[in-house]
Each structure stands twice: as structure tokens, then as C-alpha cells.
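Quick notes on the structure that follows.
Here, each number is a calculation from the coordinates, and none is a lab measurement. Not measured: the values here are computed from a predicted model. Quick reminder, even Gly has a Cβ in these numbers, built from the backbone with ideal geometry, and neighbours come from all protein chains shown.
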Amino acid sequence: MKVAIISWESFLGSRIGGWIQATKTVDGLARIGWATDHLLLHSDGTVTLPDKTIAGHWKEICDRYDILHAIPPIPSSYFRKIGLPRKAQLLASTIFWRSPTYTKVVQRESGKFSFKAAINDFAAQCGVRTILAYADYDMLLPNSQAEIIQFKKYCRYKASALFRAVPNGIDPVPEWVESLPRPVCVPKEDYLLYPGIFTYRKNQLNFIKAMAKCKYPIVFMGGGMGDGIYYDRCRAAAPSNMIFLGHLEHGSKEFYGVMKHARVACLASNCETPGIALLEAAALGVRPTITVEGGTPEYYREDASYLDPLSSSSIKKAVDEAWGKGSLTMEQQNRYREMTWGKTAQITVSAYRELLGK
């Protein structure tokens, strides 16, 4: 069975969740003996490999494979434009969520909110392009059962299409993490961690406003996107007890040290499916506080405090509740430590076999 993961070339090296999922899936499949090509698609239909080697044009190479797996998903309209595979089965890891809250968060964070615009934006996301974006896929692999329900509600798909929930994962926690000292860049007392890149979707500005009068330190770990204007707005709005560390290299000692010594970690995003940074934090014993939008309850269950990303009072209440509960038990930590990319790869292979009837 020959498999290729396909992604937009423009995502190469980015820090978005879809690109992380793509590269980790390729690595995970390789570790269990499934050599997989990672194809990068261009708008003109040409294809390269991550090392910039020219692979050729889509029409020349797509039928070399039995499975073509899009991570993040690529609209059916693109494949119709450059040519649908004649032999290979087409899959997508959907990363899909739609709700009025999803659009309102982005609009409010960008400073362009209006109820009319929010309604129009939500309607557009549920419009023809979205509905038909997955119409040619043979199998859909959302990150949760909740996402499958959302997908079936809003999108058109083949009557014969198969669905399988394939959870996201994390890297195995290195043994040396257990003995890491508290980094000098964080407070000496307990603190709350907000990990992730600064984008409207991650809702940091609303979180800062909601927690402006809290008594405990808050540490932001993550850099800005694009021109960095949103990151600068967040820093300008933050009181003195909020610390901005910028981007820390994933998997570094500083990265793990900052995570390990936090009491609570929070993502007040417009949705998470499931919020990889909080899975990593929970695996280190940090109590998660996370948006209720998305498939989060399937991952964090009763361990997390859940919040409405549009409500300042809900954010503060959830954070205070998690702060009061404190760190996770070792039994709770171990459940997250088992959510590895290796396990994700095994479930993915099982989905491939199901699709091909093997």
C-alpha cells in the first residue's frame, strides 16, 4: 500500500496545527514501518517534496499511490481543477467546526464586530463552497466524534464516504523533563500559562481583559503571526502581572520547563480540536482550562474547566475553578501521556485498511 500525505506548499514550516498534524502523521507512520511521501501542492497543480525536490505535476504522480491523505484538508474544487485521482482513494483530516461563536470571536478580536457581520460570516461558512469542499473525498478523518456530527450537519459528502475519528497526539514526554528546574523567565510563585501563537482565533485579547484584575501571574508562551499587530495590541492591554515570553522552540528544555511548572494552562479560543498545547501541558500535570467549542470534552473529560470564549465572566470563573483544583494526579497525567502521535498513526493505518478493505 503506497500512501502520500498532501498539504499546501504555503504551509511548509509553519506553526499552525494542521501542518503539525501533517508532519507528525508522516513521522508516526514511518516509525511503525509505513514509509509515506509528503507531497506539497501548489496552486498551479505542480508538486514538490519538503526538501524542495520537484516531484512533477499532480496528474503525473497522483495515481502512483493507493491513498492520498490531505492534511490540512484541500477543497474538492482544487482537485476538480487539476484532476481527480483515477485510482487512489482520497482522504482528509477535516479540522472542521462551525458555530456563531466561532465567527464572533474572530470579529471581536479584530475590532470589526457587528451582529449583522457575524450572521453573514456564519452563513458564508455554511454556504456552497463549504458544503461542497469535501464532496469528492472517499473518507473523512475528523479529530473527534463531535466534529463528525458537525461535518455531517453542514457539509455534503459521498453517500459511500466513510468516517473515522482520529485523535491528535503529542510527542512522548522525555525522561529528563521530570527533573527540569523552574526557568528563570517565569515567576517564582504559581502561575497560569496561555500557550500558542497570537491570532484572533486564539482570543488572547479578550482573555487579557477578562483576567485583568486577577491576583496570580499569567505567562503567555507564543509569538505573533503575520505583521504582529495583534501581538502588540495584547501586550499593550496587559497589566504588569502578565509576562510575554514570545516563541520558545518546541521540545526544548525551556519549552518543557515553562509548561511543567505552571499550575493551570488555558486556551480560550473560538474552538479547539483539541488544542495540542494543552494536551502537552496536561501530560505534565498542568490543570487544563479550555473553550467548550470543538471536540475538547472528548479529550479532557472531567479534568478540565470549560469556558465560553465570548464571556469574560465565564473565562474568569473557569480559570478560578481550575486554579482551585490545582495540578492533575499522576493517573490523570498518564492518560494524556498515552495520547501520542504513534497511537494516532496506528489508528490512521487502521482507517486506511478499512477504506481499502484490507
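The distance between label points at LEU132 and LYS87 comes to 3.0 nm (points 7 Å beyond Cα on the Cα→Cβ vector).
The lysines whose alpha-carbon is closer than 16 Å to the alpha-carbon of LYS24, local same-chain residues fewer than 8 away aside, are LYS343.
Which residue, ASN143, ASN206, ASN241, has the most motion in a Gaussian network model of the chain that connects Cα atoms within less than 10 Å? Looking only at ASN143, ASN206, ASN241, the largest GNM fluctuation is found for ASN241. Report, to the nearest 10°, how far helix 341-356 tilts away from the longest principal axis of the Cα atoms in the chain, using its own Cα long axis and a range of 0 to 90°. That works out to roughly 30 degrees. So which lysines pass the test for LYS153, namely a Cα distance under 21 Å, with those fewer than 8 places away in the same chain ruled out? Candidates past the 8-residue exclusion: LYS104.
What angle, in degrees between 0 and 90 and rounded to the nearest 10, separates the Cα long axis of helix 312-325 from the longest principal axis of the Cα atoms of the chain? The two axes meet at around 80 degrees.
Counting alpha carbon pairs within less than 8 Å and at least 6 residues apart, what relative contact order, in whole percent, applies to segment 175-337? Don't skip to the end; give the middle numbers.
On the way: 305 pairs, mean separation 37.6, N = 163.
Relative contact order here is 23 percent.
Taken about its Cα centre, the chain carries a charge dipole of roughly 780 debye when the Cβ of each Lys and Arg holds +1 and the Cβ of each Asp and Glu holds -1. This model, with +1 at the C-beta of Lys and Arg and -1 at the C-beta of Asp and Glu, gives segment 175-337 a dipole about its Cα centre of some 460 debye. Each Cα pair under 8 Å and six or more residues apart adds its sequence gap; the mean of these over the residue count of the chain is a relative contact order of 16 percent.
Spatially close Lys pairs in segment 175-337, defined by Cα atoms under 21 Å apart and a spacing of eight or more places or different chains, total 20.
For the chain, modelled as a GNM whose springs connect Cα atoms under 10 angstrom apart, the maximal fluctuation among MET225, MET211, MET339 occurs at MET225.
If both residues of a DSSP beta bridge must be in the chain, then about 10% of such bridges are antiparallel. Going from the fewest other Cβ atoms within 10 Å to the most, the residues HIS250, HIS69 appear in the order HIS250, HIS69. Axis of helix 145-154 versus longest Cα principal axis of the chain: the two differ by about 60°, to the nearest ten degrees.
What does the helix-only formula give at 222 nm for the chain: each DSSP H stretch with n ≥ 4 adding -39500 (n - 2.57), the total divided by the residues, and the result rounded to the nearest 500 deg cm²/dmol? Provide the component values of the computation, followed by the final result.
Details: 15 runs with 137 residues, N = 358.
Calculated mean residue ellipticity at 222 nm is -11000 deg cm²/dmol.
Using the Cα gyration tensor of segment 175-337, with a ≥ b ≥ c the square roots of its eigenvalues, what is the shape: rounded (a/c below 1.5), prolate (a/b larger than b/c) or oblate (neither)? Rounded, because the longest to shortest axis ratio a/c is under 1.5. The GNM of the chain, with springs linking C-alpha atoms under 10 angstrom apart, assigns the highest mean-square fluctuation among LEU68, LEU307, LEU245 to LEU245. On the beta carbon distance between GLU9 and ARG335, with R0 = 35 Å, the FRET formula returns roughly 0.45.
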